[in-house]
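Remarks on the structure that follows.
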Amino acid sequence: MEFDTSIFFEALTSPAYLEGVQITIALTVVAMVFGLILGLVVALLRGSANRVLRGIAWTYIWIFRALPSLLLLFLVWDGLPQLVPALKGDWFSAFIAASVALSINEGAYAAEIIRGGLLSVDEGQRLAARALGLSPTKVFSKVIAPQMIRVTIPPLSNDFVSMLKLTSLASVISLQELLARSHSAVSTTFKFAEYYAAAAVYYLVLVSVFMVVQAQIERRFVWMSQGSSGLSRVQRVRQFATIR
Amino acid sequence: MTQQPPVGHLLDEALLGEPVASTAGGADEFVLEAVGLHKRYGHNEVLRGVTFGVQRGDVKAVLGPSGSGKSTMLRCLALLEPVESGEVRLEGRRIGVREARDGRLVSLPERVLARERREIGMVFQRFNLFPHLTALGNVMIGLTEVRDRDRKEARTIAQSMLARVGLAERERFFPSELSGGQQQRVAIARALVMNPKVMLFDEPTSALDPELVGEVLAVMEELAREGMTMVVVTHEVGFAKRVADRVIMMDAGSIIEDAPPDEFFGNPRQERTRKFLEAVD
């Protein structure tokens, strides 16, 4: 077996990889934040009383759930500047293009998850909040949203993990994220296993860190007086499952 | 009879920090009136001209088979559903609508309706407590988010009210950790701290286990005793007999009988009422 551990550890600690990881994290966060905002807007439009708005939301989901992320990346990076000359400037970086493409993509998925979350909130909740005299904005922010967020945490966390990995696609539009860094290291050294394994370790670590974060968030949404500290993960999951 | 928790003074100026709205004014005045309410869902005419009034301090019990429009009527009174025609009056003032240029009545925007709903308390069959808030949080939210009380003040009021409905020890509990009877008492407290002029109850004990009905009725009876104006849709004939000043019978979207309880139960005028009472007993 040929596996040079010193090359592996060198790659693991190299500035190139660390920079790549930073770009991966930044792109993931940016794409998720904008994707969630888009998703929330589209989900609310889908529930709108206006037929045109509902139609726009439906079309958005229809198109951007159908297009492969990779195609979307090429469309935004290569196709869009051809149609919109303003995007030909240097400012339109691979990072911006990837953020746009992946946000749009995530928006379509998040919209469906959020719509499901909204539907899961009992109709009586809105009724009681309105009866109490809460304004429409507060009915949503104080009563509907917390309950919606709770049920959307697991599926949206899934999306977050997917996004972390999808960012690697941006290497094809020359974004120097984690996978691109390992690519270029490999192309000069031909040490495939060492460099790719180092990248794999980073992805594993990133996802693991996120899993801890997710557990922390879920803990805040366990609505029991004892708090969740005394509960095992299994009990928490069970509580999540039984509330609705 | 199971043991009832102690129920304290509920309509208390000192507790609310402001004069009690429900008992202010003349006793024979109509607090809430429905005038010719019509409501339809698609082709289904749910309310066919409902007219009645509740005088200050009175308890009006509403009986009737399911599907007769009782709950819809209550929702229309609470401004939760727009009506096709007719009007709702609170202390003689028309609420929920404004007059358009052509003289027709149009429903006010939700934002404005929200303000008008503060005066009307509503309790639901399924409690509808907010599951993400503790018992205390459920009672506080209206004070902080609607009545603009600061949190400290709201907490004090909510704590006292929970104590008065016998739930002082449960304020830190979430709805999922409370029994049905406890949840419904929190729901009543949530409505009461808003200092409403009238309370509407939509089958408040129908979703409860039989042994828990008493603790909710005890709170409602205390409220009635203290002079709260109430409209209670219920299947509890006993409660209607004991507490109501007048009993209404609804059938197919209309009020077919409106009488004091002894007359209503002793000698109903309508054959339909007689049949219904026989079926319920």
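FYI, it's all coordinate maths here, none of it is from the lab. Please read these numbers as outputs of a predicted model, since none were measured by experiment. FYI the Cβ positions are ideal-geometry reconstructions off the backbone, even for glycines, and counts take in every protein chain you see.
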Pairs of Cα atoms farther than 30 Å apart, chain B, %
29
Counting other beta carbons within 10 Å of each Cβ, put A:Glu194, B:Glu222 in order, fewest first.
B:Glu222, A:Glu194
Global geometry of region A:5-241, whether rounded, prolate or oblate, following the gyration tensor of its Cα atoms and the 1.5 cut on a/c:
oblate
Please name whichever of A:Gly117, A:Gly133, A:Ser168 sits farthest to the positive end of the charge dipole of chain A, dipole taken about the Cα centre and charges placed at Cβ: Lys and Arg +1, Asp and Glu -1.
A:Gly133
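Only four residue types carry charge here, +1 at the Cβ of Lys and Arg and -1 at the Cβ of Asp and Glu. Report the dipole size of chain A about the Cα centre in Debye, rounded to the nearest 20. Each step should come with its number before you reach the end.
Details: 20 positive and 14 negative charges, 305 e Å.
Magnitude of the dipole: close to 1460 debye.
What order do you get for A:Ile63, A:Ile153 when you list them from fewest to most C-beta neighbours inside 10 Å?
Numbers: A:Ile63 12, A:Ile153 17.
Exposure proxy ranking, most exposed first: A:Ile63, A:Ile153.
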Longest principal axis of chain A (C-alpha) makes with the long axis of helix A:94-120 (C-alpha) an angle, in degrees to the nearest 10, of 30
Projected onto the charge dipole of the protein assembly as shown (+1 at Lys/Arg Cβ, -1 at Asp/Glu Cβ, origin at the Cα centre), which of A:Ser157, B:Leu15, A:Thr24 gives the Cα projection farthest towards the positive end?
A:Thr24
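Only bridges with both residues in the protein assembly as shown count here: give the DSSP antiparallel percent, nearest 5. Please report the intermediate quantities before stating the final value.
Numbers: 25 of 41 bridges.
Once the DSSP bridges in the protein assembly as shown are tallied, antiparallel ones form about 60 percent.
Would you compute, from DSSP H runs of 4+ residues alone, the mean residue ellipticity of chain A at 222 nm, taking -39500 (n - 2.57) per run and dividing by the full residue count, rounded to the nearest 500?
Details: 11 runs with 177 residues, N = 244.
The helix-only estimate for chain A comes to -24000 deg cm²/dmol at 222 nm.
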Which of B:Leu80, B:Val139, B:Thr273 sits closest to the plus end of the dipole of chain B, meaning its Cα is farthest towards the positive end, when Lys and Arg get +1 and Asp and Glu get -1 on the C-beta?
B:Leu80
Taking the 0 to 90 degree range and rounding to the nearest ten, how far is the long axis of helix A:145-166 tilted relative to the main principal axis of chain A, both from C-alpha atoms?
10
Looking at region B:52-137, which trypsin sites (Lys or Arg not before Pro) are in a loop (DSSP not H, G, I, E or B) and have at most 16 other Cβ atoms within 10 Å?
B:Arg101, B:Arg104
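Sort A:Asp4, B:Asp281, B:Asp58 so that the residue with the fewest other Cβ atoms within 10 Å of its own Cβ comes first and the one with the most comes last. All intermediate terms of the calculation are to be shown ahead of the outcome.
Numbers: A:Asp4 12, B:Asp281 7, B:Asp58 22.
By the 10 Å Cβ count, ascending, the order reads B:Asp281, A:Asp4, B:Asp58.
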Hey, got the dipole for the protein assembly as shown? About the Cα centre, +1 on K and R Cβ, -1 on D and E Cβ, debye to the nearest 20?
640
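Under the rule of -39500 (n - 2.57) per DSSP H run of 4 or more residues, summed and divided by the residues of chain B, what mean residue ellipticity at 222 nm is obtained, to the nearest 500 deg cm²/dmol?
Details: 10 runs with 97 residues, N = 281.
One gets -10000 deg cm²/dmol as the mean residue ellipticity at 222 nm.
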With no solvent term and unit scatterers on the alpha-carbon positions of region A:24-100, Debye gives log₁₀ I(q)/I(0) at q = 0.15, 0.25 Å⁻¹ of -0.65, -1.14
Which cross-chain or sequence-distant (5 or more) residues have an amide H under 5 Å from the amide H of B:Ser254, H modelled 1.01 Å from N in plane?
B:Arg48
